[in-house]
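The values are calculated or read from the model by the stated rules, or taken from the named source; none is laboratory data. Just so it is clear, the model here is predicted, and its values are computed rather than measured. Here Cβ is always computed from backbone atoms with ideal geometry, including for glycine, and neighbour counts include all displayed protein chains. Keep in mind that these areas ignore ligands, DNA and RNA; they rest on the heavy atoms of the full protein, side chains included. Shrake-Rupley method; radii C 1.70, N 1.55, O 1.52, S 1.80 Å.
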Amino acid sequence: MTIYLAREASKVWRKVCAETTTELPLLREKWPLLLAGIVFQYIHGLAARGVHYLHRPGPLLQDLGFMALPELGQDRNYISECTFVFIFFSFFLWTFHPFIYHSKRFYTILIWRRVLAFLVASQVLRIITFYSTQLPGPNYHCREGSTMATLPPPNNVLEVLLINFPRGVNLGCGDLIFSSHMIFTLVFVRTYHKYGSKRFIKLLAWIMAIIQSLLIIAARKHYTVDVVVAWYAVNLVVFFVDNKLPEMPDRTNGSPLIPLSTKDKDGRLKDEKDVRLKDEFHKLLNGNHGDPTDRRQRVQMNGRHPEEDMLSDATPNGA
């Protein structure tokens with residue numbers, strides 16, 4: 001048993017090393033984009049922290065989802081967060097499966113560049129939206145009478161920049177339209193739907209996204225409008241951003257390491273066309289046409305044409 005485990009561990013380690021060698025050139029090329037996407041996650045958190053200073057508690061707005069779904073209550077509020085954590089880490093681990101499994105369909109660096117682009121575009125729209133209008137938060141710590149519903153003015157800039165992580169992120173108020181949890185959930189589900197290979201898991205992922213939506217409303221973390229807007233806004237953002245990005249190569253078909261941009265593809269097609277025209281030009285100069293049925297034989301044997309050979313054979317000796 002020990003020998004078997006050691007042998008399997010050695011195989012896994014070789015796969016990790018081989019995939020790391022493959023991904024490093026991509027990381028050296030794409031690291032500015034990846035870093036920008038990660039830094040923007042902090043900016044998004046900073047914006048959510050800032051709107052908390054503007055939040056003013058008030059009576060709950062009339063909401064159809066609140067009427068239809070029973071309230072989870074503060075003691076079961078964790079169910080919604082646990083569901084989101086499960087979706088997040090499941091997707092995170094899946095993106096690194098090329099380092100372990102033999103079958104590979106994408107490059108981890110390229111898929112995270114794509115995911116971060118989707119997240120940043122959606123979060124920019126979210127920041128603009130929740131700063132435009134501040135609604136009274138429906139969450140328990142955002143209601144009237146809660147000491148955390150409104151933040152006192154900051155004493156210094158550092159207090160704002162540190163965003164009181166992680167407590168300030170989990171206990172924020174005012175960043176409602178649209179749901180950040182649904183941004184991450186829908187981006188992850190759509191990405192797996194396109195690049196995943198298991199049909200059953202794709203179906204399960206969409207079911208989990210629906211369950212997550214209902215739990216967010218039942219936990220009173222967001223109004224129903226926050227979830228509904230997220231469903232069509234994020235899907236539209238992913239659709240348009242995905243069309244603008246170069247398509248990722250499918251590793252199952254042995255595609256090249258780096259996907260070609262539109263400019264590279266146009267240049268490559270132009271070069272191929274130039275080479276083809278030059279070949280045809282040379283064939284015309286040499287008297288060889290592209291159509292093999294229309295070729296004329298221009299073979300000379302010892303400086304004589306085949307017609308001359310036929311005449312010499314027909315002439316008697318000594319004539």
Length gained when the stretch S103-A68 is fully extended (0.36 nm per residue, less Cα-Cα span): 8.1 nm
The stretch 1-244, relative contact order in percent, only Cα pairs under 8 angstrom and at least six apart counted: 32 percent
With the full set of protein chains in place, find how many percent of the accessible area of the stretch 1-244 is carbon and sulfur; take the probe as 1.4 Å. 71 percent
So what's Rg/Rh here for the stretch 1-244, counting alpha carbon atoms and using the Kirkwood radius for Rh? 1.03
Using packing as a proxy for protection, rank 150-161, 50-61 so that the peptide with the highest average count of other Cβ atoms within 10 Å comes first. 50-61, 150-161
Spread of Cα-to-Cα distances over 5 Å intervals beginning at zero, given as percent, for the stretch 77-117: 5, 21, 22, 19, 15, 10, 6, 2
Calculate, for F200 and W13, the FRET efficiency according to 1/(1 + (r/R0)^6) with r their C-beta to C-beta distance and R0 25 Å; round to the nearest 0.05. 0.25
How far apart, in nm, are two points set 7 Å out from the Cα along the Cα-to-Cβ line at L54 and at T147? 2.7 nm
Give me a comma-separated list of calculated 3J(HN,Hα) values for the stretch 42-57, in order, Karplus coefficients 6.51, -1.76, 1.60 applied at θ = phi - 60°, integers in Hz, x for any Gly or Pro. 5, 4, 4, x, 5, 5, 5, 5, x, 6, 5, 5, 8, 5, 10, x
How much length is gained on full extension from S90 to L245, taking 0.36 nm per residue of separation minus their Cα-Cα distance? 53.3 nm
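Just add up the charged neighbours of A205: K/R +1, D/E -1, any other residue whose Cβ is under 10 Å from the Cβ of A205.
On the way: positive: R190, K198, K202; negative: none.
Summing Lys/Arg as +1 and Asp/Glu as -1 gives +3.
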Using alpha carbons only: equivalent-ellipsoid semi-axes of the stretch 9-148, gyration tensor based, whole Å: 40, 20, 12
Between the stretch 55-85 and the stretch 1-36, what is the separation of their alpha carbon centroids in Å? 42 Å
Apply the Karplus curve 6.51 cos²θ - 1.76 cosθ + 1.60, θ = phi - 60°, to the phi angles in the stretch 126-136 and return the couplings in whole Hz, x for Gly and Pro. 5, 4, 4, 6, 7, 7, 5, 9, 9, 9, x
For the stretch 1-124, the per residue accessible area (1.4 Å probe, Å²) is 59 Å²
Please report, to two decimal places, log10 I(q)/I(0) for the stretch 1-79 at q = 0.16 Å⁻¹ as given by the Debye formula with identical point scatterers on the Cα atoms and no solvent. -0.87
